[in-house]
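The values are calculated or read from the model by the stated rules, or taken from the named source; none is laboratory data. The shown structure was predicted, so the numbers you read here are calculated from the model rather than taken from an experiment. Every residue, glycine among them, receives a Cβ derived from its backbone with ideal geometry; neighbour counts consider all protein chains shown.
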Amino acid sequence: MQQEAARRSNRDRTEATRADLIAAARKLFTEKSYTETGTPEIVAAAGVTRGALYYHFADKQALFAAVVEQEATAVAEEIERASLPSLDARDALIAGSDAYLTAMRAPGRTRLLLLDGPAVLGRAAMDAIDNRHGNRSLREGLVAAMRAQTMTRLPAEALTALLASAFDRAALAIEAGASAQDYRAVLMALIDGLFPHPAPRPARTR
């Protein structure tokens, strides 16, 4: 029992140290940028040793990747919470889109995920992270709508990539001060365009 409790205690301390490093790094990366942040600042802010940093992460880039992964996970969780099973396919996509735009307003998130992320990790690595999180949720929603035959059938991968790019561009523009209402209106029009309007019913004859 004592050995098990000790292992659990060590595991808890290890997880807490990792979480402290990620939290400290996120704060510094968003305040100063990845390039301008040094590992001595990170370990000082986290209250750990330099050895602890390199025990958990190979280097600063690996720590940055962990920060980005955590942010992408948080965005995906917001999308999934908004896309309730009770909603039809179109409404679920709209709810998920609104949740994405709201989630991306978290301070520093657009910089981490849309600017520094691709620059530091490379486009391929960022695509892999996106496909594990937000893009996965979007693709699942699109595929569900196509399977329900309520949405125009299109290649799922290409449609996911193009819609995700539109959402990302909107998030960047809103972050820079553009009208959130205008960008949302255009995104909603893009989604509506995927759903064929029902054919008009013939007029009743008396």
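Residue by residue, here is whether (1) hydrophobic (A, V, I, L, M, F, W, C); (2) over 30 Å from THR35 (Cβ atoms) holds:
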{"site": "ARG81", "(1), (2)": "no, yes"}
{"site": "LEU84", "(1), (2)": "yes, yes"}
{"site": "LEU93", "(1), (2)": "yes, yes"}
{"site": "ALA145", "(1), (2)": "yes, yes"}
{"site": "THR150", "(1), (2)": "no, yes"}
{"site": "SER165", "(1), (2)": "no, no"}
{"site": "ASP168", "(1), (2)": "no, no"}
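Give the residues of region 158-186 that are under 14 Å from LEU138 (Cβ atoms), surrounded by 12 or more Cβ atoms within 10 Å (Cβ to Cβ) and more than 17 Å from the chain's Cα centre (by Cα), sorted by residue number.
Within region 158-186, LEU159 is the sole residue that qualifies.
What's the number of the condition ASP192 fails, among (1) acidic (Asp, Glu); (2) at pLDDT 95 or above; (3) closer than 15 Å to LEU142 by Cα?
Going through the list (1) acidic (Asp, Glu); (2) at pLDDT 95 or above; (3) closer than 15 Å to LEU142 by Cα, ASP192 breaks only (2).
Can you tell which of ARG105, ARG111, ARG26 is closer than 26 Å to ALA178 by Cα and outside the structural domain of ARG184 (by TED's automatic domain parsing)?
Going through ARG105, ARG111, ARG26 in turn, the sole match is ARG26.
Looking at region 145-157, which of the residues that are in a helix (DSSP H, G or I) and touching a Leu at 6+ places or on another chain (Cβ under 8 Å) is surrounded by the most Cβ atoms within 10 Å (Cβ to Cβ)?
Initial filter on region 145-157 (in a helix (DSSP H, G or I)): 145-147, 156-157.
From the residues that got through so far, the ones that are touching a Leu at 6+ places or on another chain (Cβ under 8 Å) too are 145-146, 156.
Working: ALA145: 21, MET146: 17, ALA156: 14.
Here the answer is ALA145.
When you scan region 62-76, do you find a residue that is farther than 18 Å from ARG132 by Cβ and in contact with a helix residue (DSSP H, G or I) (Cβ under 9 Å, 6 or more places away or on another chain), even just one? Working first, answer last.
First, the residues of region 62-76 that are farther than 18 Å from ARG132 by Cβ: 63.
Among the residues that remain, those that are also in contact with a helix residue (DSSP H, G or I) (Cβ under 9 Å, 6 or more places away or on another chain) are: 63.
Yes: one or more hits.
If you take the residues in region 71-127 that are assigned to a helix (DSSP H, G or I) and among the basic types (Lys, Arg), which one is surrounded by the fewest Cβ atoms within 10 Å (Cβ to Cβ)?
Only one residue tops the list, namely ARG123.
So, in region 92-108, how many residues would count as being within 15 Å of VAL67 (Cα to Cα) and either free of Cβ contacts under 8 Å to residues at least 40 places away in the same chain or touching a Gly at 6+ places or on another chain (Cβ under 8 Å) (or both)?
1
Pick from region 8-59 the residues that are out of contact with any Asp or Glu (no Cβ under 7 Å at 6 or more places or on another chain) and part of a loop (DSSP other than H, G, I, E, B): which of them is farthest from ALA72 (Cα to Cα)?
By that ranking, first place goes to THR49.
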